[in-house]
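One structure is given here, and the rest of the page talks about it.
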Amino acid sequence: MNIILLGPPGSGKGTQAKRLEEKFKIPQLSPGDMLRKAVAMKTPLGLKAKSYMDKGELVPDQIIVQMMKERLEEKDAQEGFILDGFPRNPQQAQALDKMLKESGREITAVVEIAVPLTEIVERLSLRRTCANCGAVYHLKNNPPSSAGVCGQCGTSLVQRDDDREEIIQKRHEVYESQTKPLSRHYAQKGLLVRLNGALPISTMTQELMVKLREKARTA
Ligand code: AP5
């Protein structure tokens with residue numbers, strides 16, 4: 001399974017990617033998580049990326065494409081992967097097509113998750129994440145068992161810097177203008193699968209599993 005998850009900020013890409021990671025035993029490859037780690041470690045890449053992320057803009061393609069190329073070459077990604085947040089514009093999609101072709105791999109399915117903007121703002125304002133292990137919570141829909149603490153590793157939960165309403169709006173605009181057009185690109189290739197992101201988390205996972213298995217059977 002080589003899966004791409006497309007969807008606006010807060011649509012549940014990360015949440016579903018983690019569940020698929022467990023079910024299929026293939027890694028979630030999230031440029032957002034990788035960049036946040038680099039920001040926390042204050043690496044040169046992190047310092048450069050932060051200025052874009054804080055404004056809700058895309059980090060330049062050159063940086064992202066190289067970072068994802070290296071990640072896709074790692075051993076754990078050879079038997080399958082879940083791309084969560086890459087590609088995000090036509091240039092990145094082209095670069096991905098090229099790198100997969102060079103390594104003799106193909107995309108199995110591209111999942112487009114749709115959620116209305118009002119729901120997105122509510123979700124992201126109440127999202128809390130673990131800066132240590134990357135676990136994702138929601139104060140109402142998916143709360144940690146112990147308030148403010150990650151249930152998986154015991155680290156304090158934080159709110160992401162870009163989960164402020166004006167930045168959420170900007171990220172959504174960037175999605176609509178730059179990323180959404182990719183659904184057409186993948187529909188033309190017969191790879192697109194649509195998922196209703198307004199369903200409860202577990203129902204979404206069940207639907208997703210059915211759709212992915214169907215896609216893999218007919219691939
Ligand atoms: P990134 O980290 O990828 O952020 P995003 O795409 O904006 O997506 P999110 O992580 O905000 O949301 P999600 O869809 O994963 O939702 P989640 O599962 O957490 O990117 C951040 C930044 O990095 C970008 O703005 C950009 O600057 C840079 N970047 C990243 N990739 C890049 C690229 N390729 N090129 C250039 N720049 C790049 O869920 C959200 C909340 O909702 C959680 O609280 C969760 O518990 C809850 N929830 C999830 N599902 C449900 C449900 N079904 N019902 C109710 N609540 C739910």
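The values are calculated or read from the model by the stated rules, or taken from the named source; none is laboratory data. In this text, all values refer to a predicted model and were calculated from it rather than measured experimentally. With ideal geometry, Cβ positions are generated from the backbone for all residues, glycine too; neighbour counts draw on all protein chains shown.
The single condition among (1) in contact (Cβ under 8 Å) with a residue 24 or more places away in the chain; (2) within 18 Å of Leu96 (Cα to Cα); (3) more than 15 Å from the chain's Cα centre (by Cα) that Ile63 does not satisfy is (1).
A single member of Val59, Val65 is part of a helix (DSSP H, G or I), buried (at least 19 other Cβ atoms within 10 Å of the Cβ) and within 9 Å of the ligand (Cβ to nearest atom), and it is Val65.
All conditions in (1) away from the ligand (no atom under 12 Å from the Cβ); (2) farther than 25 Å from Asn2 by Cα; (3) surrounded by 15 or more Cβ atoms within 10 Å (Cβ to Cβ) hold for Lys211, with the sole exception of (2).
The residues of the stretch 125-166 that are under 12 Å from Gly56 (Cβ atoms) and either surrounded by fewer than 15 Cβ atoms within 10 Å (Cβ to Cβ) or more than 8 Å from the ligand (Cβ to nearest atom) (or both), listed by number, are Asp161, Arg164, Glu165, Glu166. For the stretch 1-26, filtered to residues that are basic (Lys, Arg) and in contact (Cβ under 8 Å) with a residue 60 or more places away in the chain, the residue that is farthest from Asp163 (Cα to Cα) is Lys23. Taken as a whole, the structure leaves Ser51 outside the set of residues that are touching a residue at least 24 places away in the same chain (Cβ under 8 Å) and within 29 Å of Glu165 (Cβ to Cβ).
Of the candidates Val121, Val115, the single residue that is β-branched (Val, Ile, Thr) and touching a Pro at 6+ places or on another chain (Cβ under 9 Å) is Val115. For the stretch 5-33, the set of residues classified as surrounded by fewer than 14 Cβ atoms within 10 Å (Cβ to Cβ) and not in a helix (DSSP H, G or I) consists of Lys25 only. Against the list (1) near the ligand (Cβ under 8 Å from one of its atoms); (2) touching a Pro at 6+ places or on another chain (Cβ under 9 Å), the condition Gly80 fails is (1). Criterion first (among the basic types (Lys, Arg), closer than 24 Å to Ile201 by Cβ and at pLDDT 95 or above) does Lys13 satisfy it? Taking the combined requirement at face value, the residue satisfies it.
Asp97 passes every criterion in (1) assigned to a helix (DSSP H, G or I); (2) within 12 Å of the ligand (Cβ to nearest atom); (3) among the charged types (D, E, K, R) apart from (2).
Say we look at the stretch 34-47 and pick out the residues that are of a type outside the set (A, V, I, L, M, F, W, C) and surrounded by fewer than 16 Cβ atoms within 10 Å (Cβ to Cβ); which of these is nearest to the ligand (Cβ to nearest atom)? Checking each candidate, the answer is Lys37.
One residue alone among Ser183, Ser156, Ser146 is of a type in the set (Ser, Thr, Tyr), touching a Gly at 6+ places or on another chain (Cβ under 8 Å) and within 26 Å of Arg36 (Cβ to Cβ), and that residue is Ser156. Can you spot a residue in the stretch 72-90 that is polar (S, T, N, Q) and not in a loop (DSSP other than H, G, I, E, B)? Looking for residues that are polar (S, T, N, Q) and not in a loop (DSSP other than H, G, I, E, B), one finds none in the stretch 72-90, hence no.
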